[in-house]
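The block underneath contains the structure these notes are about, expressed in C-alpha cells.
Every read-out reported here was derived from the displayed coordinates using simple, explicitly stated rules and does not represent laboratory data. This structure is a prediction, so every number in the text was calculated from the model and none was measured. Every residue, glycine as well, gets a Cβ built from its backbone with ideal geometry; the counts of neighbours run over all protein chains shown.
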Amino acid sequence: MTKKNLFFISLIAISSLFLGCGKSIFTSIPQQKQMGMKVRDEILAKPSEFPVLDEKAHPQAYAYLRKITSNVLNSGKLAHRNDFDWEVRIINDDKTLNAFCTPGGYIFVYTGLIKYLDNEDQLAGVMGHEMGHADKEHSARTMEKQMGLGIVAQLAGAVVTEQLSQLTATFLSLKYSRDYEKEADAASVDYLSATKYQCNGAAGFFVKLEAAGGARQPEFLSTHPAPENRIKNINTKAEGLKCTAKPATITEYQAFKRMLPGTVK
Ligand SMILES: [Zn+2]
C-alpha cells in the first residue's frame, strides 16, 4: 500500500466518524463562502439563464427583501450569522416557483415565488428554509456526497472555468435528503419564532401548493423532495414553540409585488 493510499484510507475512516455530526469537515466555513461566491458569480455571468433584477432599477424591492433577510438573521438563531455574507438577489422569472441559497449565504429568490405567495410570513418562512440549508451546511455536505470528499474543497479554490461550471451545475441540481429538508423546515420555524413573523410561515407555501393540486409542478418540488406530513411537522413544531405572532398584513406585501416587473400596478 502506498503512502498515498494509506492517507486516503485514513481520511475515509476519519470522515465516517465525523459525517453524522452536522458539520462539513472537508469544506471549511471560509471554503464554503468561497465556493458560494463562485457559484454566485457564475450565476451573475449568465443573465439569459438567470435574469437577476438590477438593484439600481429596483431599490425598494431590494430594500423590502433585505429587511426580511435581516429580520430572519436578527433572530439570533443562525450559527453562521456573522460568518456568511447573506446577500439576496431577485431573479426576474415569473414561471419559476423557487428560491435557493448557495453555501456561504448567497440567496436568490424568483419573482415567480414572490408573486405566488400571499404574505410576508410565507416568504420569510421559505427564505428561512433556504437560509437553513446554508447555515446547517447542507449544500456543502450534499455536494461532498455527490462529488466526492475533498473535491468540493479543492473546487472552492479552482480557477479553471470548466471546474467552476461543474461546481455551479452540481449545486443547482442538488437534491437534499429528506432529513435535510426536515431539518431546514424545522430551522425555518425556529428562526421565525424569534421574529415578528408567524413561525409556521413556510407551511403556508405548502398549503397553497397542495390546494393547487399539483396542476403546476413547481421547481421547488423538483429540487426539494416533498416529505409526507411536511405541513403537519411545521405546524407541530410551531405549536411546540408557542408562537403567538399575528398574521402579517397583506398591504405591504401587495405593494412589494407591484414593485416587480410584470405586475399589474
Ligand atoms: Zn429545502
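Sorting the segments 169-181, 107-119, 124-136, 243-255 by their mean number of nearby beta carbons within 10 angstrom, highest to lowest, gives 124-136, 107-119, 169-181, 243-255.
Between residue 41 and residue 232, what is the label-to-label distance in nm when each label sits 7 Å out along the Cα-to-Cβ direction? In this crude label model, residue 41 to residue 232 measures out at 4.7 nm.
Between residue 49 and residue 79, what is 0.36 nm times their sequence separation minus the Cα-Cα distance? Round to one decimal in nm. Walk me through the numbers before you get to the answer.
Details: separation 30, 0.36 × 30 = 10.80 nm, distance 3.20 nm.
Answer, rounded to one decimal: 7.6 nm.
Extension gain for the segment residue 207 to residue 147, taken as residue separation times 0.36 nm less the Cα-Cα distance, is 18.2 nm to one decimal.
Compared with the direct C-alpha span, the chain from residue 96 to residue 244 gains 50.1 nm at full extension, assuming 0.36 nm per residue. Summarising the amide proton neighbourhood of residue 97: residues at separation of 5 or more, or on other chains, whose placed amide H is nearer than 5 Å comprise 219, 220.
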